[in-house]
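For reference, the structure is listed below as structure tokens.
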Amino acid sequence: MSEVVSPREVAEALTELWSPRVIAELEDSYVKVAKLQGSLVWHSHDEEDELFFVLKGSLRIEMEDRTVELGEGEAFVVPKGVRHNPVADQECHVMLIERKTTQHTGDEVTEKTRSVADQLRPV
């Protein structure tokens, strides 16, 4: 994808919660945006780190040994293998950078789980 893209505008246009969409590819990684509200699910990615960057609102990332709070413009990397649960008390827009092999909710499958094919759908 070699077009100019506004992650904020794409995230704002999303109509589904917890349904990331790929907006760019970088080597072996995808850049995604998502609109979040509520809680996702406790899960981990055994082989991949996951970067969360808050575009709008705030996000809490619960982990077994601590919790981090992110505000607009802040980023955090969940290291591979760390169980975590993203929580947005109010609507929140995020940009994610993940390797292409990263499964949305790791080995956990819920009604919120999205396949890579689903994440590649146009907005």
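Computed quantities for the displayed model
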| item | result |
| --- | --- |
| Scattering curve values for the chain, log₁₀ I(q)/I(0), Debye with Cα scatterers, q = 0.16, 0.18, 0.20 Å⁻¹ | -0.70, -0.91, -1.17 |
| Residue order, fewest to most beta carbons within 10 Å, for Trp18, Trp42 | Trp42, Trp18 |
| Under-5 Å amide H pairs with Arg83, H placed in peptide plane, nonlocal only | Glu64 |
| Computed [θ] at 222 nm, helices only, for the chain once each DSSP H run of length n ≥ 4 contributes -39500 (n - 2.57) | -2000 deg cm²/dmol |
| Distant-in-sequence amide H partners of Val31 (H built 1.01 Å from N, under 5 Å) | Ile23, Ala24, Glu25, Leu26 |
| Qualifying GluC sites (Glu not before Pro) in the stretch 47-114, DSSP loop, other Cβ atoms within 10 Å at most 14 | Glu47, Glu64, Glu72, Glu74, Glu111 |
| Share antiparallel - DSSP beta bridges, the chain, percent rounded to 5 | 95 percent |
| Separation in nanometres of the label points that stand 7 Å from Cα toward Cβ, at Glu27 and Glu62 | 3.4 nm |
| Computed over the chain: relative contact order in percent, which uses C-alpha pairs under 8 Å that are six or more apart | 33 percent |
| Test item: Cα-centred dipole of the chain, Lys/Arg +1 and Asp/Glu -1 on Cβ, debye | 280 debye |
| Global form of the stretch 26-86, assessed from the alpha-carbon gyration tensor, a/c cut-off 1.5 | oblate |
| Spacing of the two label points (7 Å from each Cα toward its C-beta) at Phe76 and Thr110, in nm | 1.7 nm |
| Spin-label zone in the stretch 64-100 - amide nitrogen under 11 Å from a point set 7 Å from the Cα of Gln37 along the C-beta vector | 89-92 |
| Per DSSP, loop trypsin sites (Lys or Arg not before Pro) in the stretch 1-95 with at most 14 further Cβ within 10 Å | Arg66, Lys80 |
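Only the coordinates and a few stated rules stand behind these numbers; no lab work does. Remember, predicted model here, so these are calculated numbers, not experimental data. Heads up, the Cβs are rebuilt from the backbone with ideal geometry, glycines too, and the neighbour counts pull from every protein chain shown.
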